[in-house]
Amino acid sequence: MNPAPASGEREDLASLRDTIRRFVEREMPRADARKWDAQDIFPREVFARLIGLGVTGVTVPEQYGGTGVDVVAAMTIIEELSRRSLAVAVPYIMCSCYCGMNIGKSGSAAQKAAILPKVARGEILYAYGLTEPDVGADIASVKTTAKIVDDRVVVNGVKRFCTGANIADHILTLVRSGDPAARHRNLSLLIIPTRAAGVRIEVTDSIGMKGAPTTDVWLDDVTVGIDDVVGGPDGWNKGWEMITGSVLNVEKLEVAAMALGIAEAAAGDAWEYAQARQQFGKPVSTYQAVRHKLADMRTDLLACRLMLYHAAAMASRGEPCGVESSMAKLFVTERGRKIVIDAQEIIGAYGLTREFDAERHVRDMLILPIAGGSSNIQRNNITQMLRL
């Protein structure tokens, strides 16, 4: 079951979607995706072939070698890659979104000129270093410190749940750069090389998102240049405004796009299995209990798609979309979780085995209502932005 694109999808996006689907079938076969998951592998050679399509340029302005910032195109790519494997989808996000969109929005002129062409060529991966052992949703309470010593910045602290830091080139790190009492006014964003002296990265063994796993990162007297402050020296103490607004809105949509892709894959497998599996002399798809689950899946997938791409289109146009992006992240990840569990139930005992992808779909999906701001945080965002 290949889900149809949303009604009215731009012709260029339909062509892009078809290109990525053909790439996935050719370069990311199911057997390989299962191996990447089982062995926690980032398939760099496959990623290299993906960036050969030029898809990392969709978040980069043309003046830096990209094709122009197009959030809808980026979500299309993330969705289609996620239908097969997060081991490729997440590194794509780390390049195009974590790096491209943050530097494109907040980088200095020198940083844009040096970094964005590498994004367009797919040569650089960024991880996010926002959360900490005692800091989750309340990221204004970060305790990792940064102090200017002569013309250098010295960093100390611990970051937690840094997706893909072990495969990244740099960590986009939120630090406390002044008095903690000032909270939002004393935060800065740093570009820290993962190979810098004093950086230690340890993979956390989580249930899903293999290939670009979550990590803990220790920063022990890590020293970077003042020009490694995002925005250059003028970006000091301006980290809060850099990470809020449009960039975090797009991060919510990235998570929703992953959830939509996984849910589509799970629903497609269940749809095909239900027609092939015979019980009591007829396909299980003829039984009402199964048919109703499949009908709900298809209905939810359409609703998820419309919500995601409505918000993505707003983001592409530069319109305020905080409410819509929180709604999309909440709805798509929550409905996606129901879809993958229902799909596993339709497949039955086989859905619990490694021979089928259903169990991986469940493991990967369970992460997504939490990642990028939990469902309850999104509910808080929605009610606060709507001034309840």
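The values are calculated or read from the model by the stated rules, or taken from the named source; none is laboratory data. This structure is a prediction, so every number in the text was calculated from the model and none was measured. As a convention, Cβ positions derive from the backbone with ideal geometry for all residues, glycine included, and neighbour counts pool all protein chains shown. These accessible areas exclude ligands, DNA and RNA; they are computed on the full protein's heavy atoms, side chains included. Shrake-Rupley method; radii C 1.70, N 1.55, O 1.52, S 1.80 Å.
One table, with the values for the structure above:
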item	result
Pick from region 119-157, criterion buried (at least 18 other Cβ atoms within 10 Å of the Cβ), of a type outside the set (A, V, I, L, M, F, W, C) and out of contact with any Asp or Glu (no Cβ under 9 Å at 6 or more places or on another chain), ranking: nearest to residue 97 (Cα to Cα)	122
Only listed residue being of a type in the set (A, V, I, L, M), modelled with pLDDT of 95 or more, within 15 Å of the chain's Cα centre (by Cα) and farther than 17 Å from residue 162 by Cβ, chosen from 88, 119	88
Count of region 278-295 residues which are on the phi < 0 side of the Ramachandran plot and either open to solvent by less than 80 Å² (accessible area, probe 1.4 Å) or in contact with a Ser or Thr (Cβ under 8 Å, 6 or more places away or on another chain) (or both)	12
Options 158, 154: the member that is part of a strand (DSSP E or B), over 26 Å from residue 373 (Cβ atoms) and of a type in the set (Val, Ile, Thr)	154
Residue ID - nearest to residue 119 (Cα to Cα), chosen from residues in region 158-178 that are open to solvent by 10 Å² or more (accessible area, probe 1.4 Å) and out of contact with any Pro (no Cβ under 8 Å at 6 or more places or on another chain)	161
Qualifying positions in region 229-250 - assigned to a helix (DSSP H, G or I), open to solvent by 10 Å² or more (accessible area, probe 1.4 Å) and more than 20 Å from residue 69 (Cβ to Cβ)	233, 234, 240
Which listed residue, of 274, 263, is open to solvent by less than 20 Å² (accessible area, probe 1.4 Å), more than 30 Å from residue 97 (Cα to Cα) and in contact (Cβ under 8 Å) with a residue 12 or more places away in the chain	274
Condition check for residue 22: surrounded by fewer than 15 Cβ atoms within 10 Å (Cβ to Cβ) and within 21 Å of residue 260 (Cα to Cα)	yes
Residue satisfying condition, being among the small types (Gly, Ala, Ser) and open to solvent by less than 10 Å² (accessible area, probe 1.4 Å), within set 31, 48, 38, 74	74
Selection count where residues are closer than 20 Å to residue 78 by Cβ and open to solvent by 20 Å² or more (accessible area, probe 1.4 Å), scope region 97-117	4
Single condition residue 63 does not satisfy, out of (1) open to solvent by 70 Å² or more (accessible area, probe 1.4 Å); (2) in contact with a helix residue (DSSP H, G or I) (Cβ under 8 Å, 6 or more places away or on another chain); (3) of a type outside the set (Gly, Ala, Ser); (4) at pLDDT 95 or above	(2)
Residue ranges of helices (runs of 4 or more DSSP H) in region 311-388 with at least 3 members touching a residue at least 40 places away in the same chain (Cβ under 8 Å) and buried (at least 21 other Cβ atoms within 10 Å of the Cβ)	322-347, 358-367
Condition met for residue 217 (open to solvent by less than 50 Å² (accessible area, probe 1.4 Å) and either in contact with a strand residue (DSSP E or B) (Cβ under 9 Å, 6 or more places away or on another chain) or of a type in the set (Phe, Trp, Tyr) (or both))	yes
Qualifying residue in region 54-73 (condition: over 26 Å from residue 104 (Cβ atoms), in contact with a Lys or Arg (Cβ under 9 Å, 6 or more places away or on another chain) and of a type in the set (A, V, I, L, M))	no
Scope region 187-212; condition open to solvent by less than 40 Å² (accessible area, probe 1.4 Å), in a strand (DSSP E or B) and closer than 14 Å to residue 128 by Cα; matching residues	188, 189, 190, 191, 192
Residues satisfying the stated conditions in region 57-81, i.e. of a type outside the set (A, V, I, L, M, F, W, C) and either in a loop (DSSP other than H, G, I, E, B) or farther than 21 Å from residue 249 by Cα (or both)	61, 62, 63, 64, 65, 66, 67, 68, 70
Residue in region 5-50 that is nearest to residue 304 (Cα to Cα), counting only those that are assigned to a loop (DSSP other than H, G, I, E, B) and small (Gly, Ala, Ser)	6
